Amino acid sequence: MMFDYILLFAVALSALMAIIQEDLYKSIIILTFESFSLAAIFHFLLATDVAAVQAILGAALLPGLFIVALYKTTKGRDE
Amino acid sequence: MEPFQVASFMTAGVLIVTGLWALLMMDNILKKIIGANLIGDGANLVLISIGYRPGGFIPEVMHHFHATATPSNYSHLLQFEEFASNASYSLPFALVLTNIVIGASTLSVMLALAVVLYKKYHTLSVQKMFEGDE
Amino acid sequence: MLNNSTLIPLMVVLPLIMAILVNFLHQKDKSVKFISIVSLIVFVFIPVVTLYGVHLFSGHLRTGSFPEISKLLIPDVYMGIVYSYGSVQKILMVVLTIITGFTVLTVLNKKMISGVYIAMIFISLASTSAIMLADDIFNFFVFTEILVVAQVALVIAVQDTKSFKAGFKYMIFGTISGASILLGIALLLGVYGLLNITDLSNAIKAGGQLNPIALSAVSLLTLGWLYESGLFPFHIIKCNMYENAKPEISALLQVQSKFVLVAMAIILFRVFSGFALLKSVMLGFAIFTVVLGSVMALQQVELRKLLSFVAVSQAGLVAVGFGIGTSFAIAAGIFHAINDVLSMAILFFIASFVYDKFKTTKLEELGDGLQVVPLVGFVMLLATLAISGVPPFNSYQSEWRLIQAAAQAGVPELGVLVILLSVATFVAIIKAFFMIFMKPGPKVEVNTEVRGTMFKAIIVILILTCLAIGLFPNIIYDPIYNFVVSLGV
């Protein structure tokens, strides 16, 4: 019973931490955790099919795109 | 209103405000895009919390959901009024599925634009990229 | 006669299918050209022959709603997605498909034909058609998001740094506005339980006083409307989009923005019909847009930037018509949108021709155009008269009706605003005309191999249409007025 409230708090906290964090790689990992907790929240709100889609897109596809973009924008930076 | 639903709306509010702040105030271009992602997540959470029914069940019917195959503790759900009054409201779930896909495609276009802008300016700072415009 | 229920969604589905096909055939120039020209003829043909009516997707009819159990406020609801096609949609669709056809013909006339580019034009045509036809508010939202992506794709195809920055800024603010429209829809769904616009308007009328949650929904939806149409806080972003795209694409983008403005304002008025503060808020933002757009247009020294500020200020004038709020003013606003997209399309096509022939659009470097291309100069002079509201052209009819509507509604000061905007537009564009066509001594060499026969044919057809609408306005105006009266706002 308490687990859902802990998950809600984790979603809010990790969203805040993802944008305060200076290093972008850590920020994307925290964002992945937040998307996955959001998928679990969707399951507790009785929307299991949406939870599956959010888990795939938000926790696998979008962080993958972010990491590719981050790699292309820091590789070869000359400082 | 059920406290879980209220807490869920408040979390969605925190997500939207955080995303909006990141989108408008952050200097790094990738942080702005993370903020855009968070705004979309907050809007989806609002939509799904609207459809929640406390103590209800997921309205997905298995294909052998008929009188001889249903376990006895679910047999009351074979009546339509019982089913409809205890299931969660599933229309917002269709809206959220569409919105997740729209959000993902918009985000991928924004990431591609960020990569191209980095190649021209060699910096991720929005201040330096947009300093000449009015 | 042809079956009505299949032709209405065909106006949305067929451009999407053709876009996928043309995208697949990328880099096979002859096939792309052939398929594009055939599909353009079909796209113009379909809105003309379709009869008025509604289309119910999957055959879901209007059924009872069990008000005691479901607590809905109305006894009958639509059970599926509905598209409705009336007289205003017909006129707007015909104008939109004709201008899209002209843009695609101009794009096909160049040396390099790209299937992806034409696919994006077709997707934006499909989205704008769906926005005008949809009677379901979530379907409308999905197509606004698709339209943002398609328009950004058209702008960044120029592959210039400024266009990348313009596209990025457009998408950043597009996220905010898309989220606000979605939150407004979510709040309306939570309070009233309905997504169909006809049902929502009946439910809100039946509910008496507007629910406080629905008031938040109004403000969120109005914010989305301001972004989609390019009004006051977002006018700079729209101007960046217009000036950084190729001018023939800007001719298409401004048509889509004005028609989305009209469609979304009609939706807002239908859903929130009893709410008087909405019209005042819309009027305030519209007046700001008119003033700021015309003042900025007078200061510009580059042709495309000047035309984009004029386009934004004219969109503000259409929104002034909606903001005044009486049936006469709304009909005059819609009529002005139609007239204005035709004149602005002529000016943007002329800008495209100037860019191709003289390779620059900076006004100081151009000159002596009348000796090289006298026909284009003459048509630009006529287009300046057309857009400023000089009789016998079409904007005279619509601006006269706007001034009359403002006086009848008790705000004659807005008539003064309309006249001042006309004067400012005339001064800005006639300055551009002088600098391009009459001033001696160009500093650039002329590209003599650009004949521009297609451009000349297109702008002559458009200016003759403006003249025809100006001489016989009631053919277009009367169906619009009857439609607005039947809305009952």
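The values are calculated or read from the model by the stated rules, or taken from the named source; none is laboratory data. Please read these numbers as outputs of a predicted model, since none were measured by experiment. Quick reminder, even Gly has a Cβ in these numbers, built from the backbone with ideal geometry, and neighbours come from all protein chains shown.
Summary table
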| quantity | calculated |
| --- | --- |
| Helices (runs of 4 or more DSSP H) enclosed by the range B:77-133 - at least 3 residues per element that are at the interface with chain A (Cβ under 10 Å from one of its Cβ atoms) and without any contact (Cβ under 8 Å) to a residue 24 or more places away in the chain | B:91-121 |
| Unmet requirement for C:L283, which otherwise passes all of (1) under 24 Å from C:K165 (Cα atoms); (2) surrounded by fewer than 23 Cβ atoms within 10 Å (Cβ to Cβ); (3) touching a residue at least 40 places away in the same chain (Cβ under 8 Å) | (1) |
| Residues that are closer than 30 Å to C:Y481 by Cβ and assigned to a loop (DSSP other than H, G, I, E, B), drawn from the range C:326-382 | C:T326 |
| Some residue of the range C:159-175 being away from chain B (no Cβ under 12 Å) and not in a helix (DSSP H, G or I) | no |
| Scan of the range C:44-57 for residues that are surrounded by fewer than 17 Cβ atoms within 10 Å (Cβ to Cβ) and part of a helix (DSSP H, G or I), ordered by number | C:V44, C:F45, C:V48, C:V49, C:F57 |
| Any pair with Cβ under 8 angstrom, 6 or more apart, that starts in the range A:36-59 at a residue that is within 17 Å of A:L8 (Cα to Cα) and ends at one that is of a type in the set (D, E) | A:L38/B:D41; A:I41/A:D4; A:F44/A:D4; A:T48/B:E60; A:G58/B:D41 |
| Failed condition for B:V61, given (1) assigned to a loop (DSSP other than H, G, I, E, B); (2) modelled with pLDDT of 80 or more; (3) under 30 Å from C:N196 (Cβ atoms) | (2) |
| Some residue of the range A:35-55 being in contact with a helix residue (DSSP H, G or I) (Cβ under 6 Å, 6 or more places away or on another chain), buried (at least 21 other Cβ atoms within 10 Å of the Cβ) and closer than 16 Å to B:A22 by Cβ | yes |
| Failed item, numbered, when A:A69 is tested on (1) over 20 Å from B:V14 (Cβ atoms); (2) aliphatic (A, V, I, L, M); (3) under 14 Å from the mean Cα position of the chain (by Cα) | (3) |
| Per-region count, the range B:24-45, residues within 17 Å of the chain's Cα centre (by Cα) and either not in a helix (DSSP H, G or I) or not β-branched (V, I, T) (or both) | 10 |
| Helices (runs of 4 or more DSSP H) wholly inside the range C:58-151 containing at least 1 residues that are at pLDDT 90 or above and crowded, with 23+ Cβ neighbours inside 10 Å | C:87-108, C:115-133 |
| So B:I33, is it among the β-branched types (V, I, T), closer than 20 Å to A:E34 by Cβ, in contact (Cβ under 8 Å) with a residue 60 or more places away in the chain and within 9 Å of chain A (Cβ to nearest Cβ) | yes |
| Verdict on C:Y396 being under 25 Å from the mean Cα position of the chain (by Cα), farther than 25 Å from C:I249 by Cα and part of a helix (DSSP H, G or I) | yes |
| Residues of the range C:325-373 satisfying the condition of being closer than 15 Å to C:K456 by Cβ and aliphatic (A, V, I, L, M) | C:A345, C:I346, C:L347, C:I350, C:A351, C:V354, C:L370, C:V372, C:V373 |
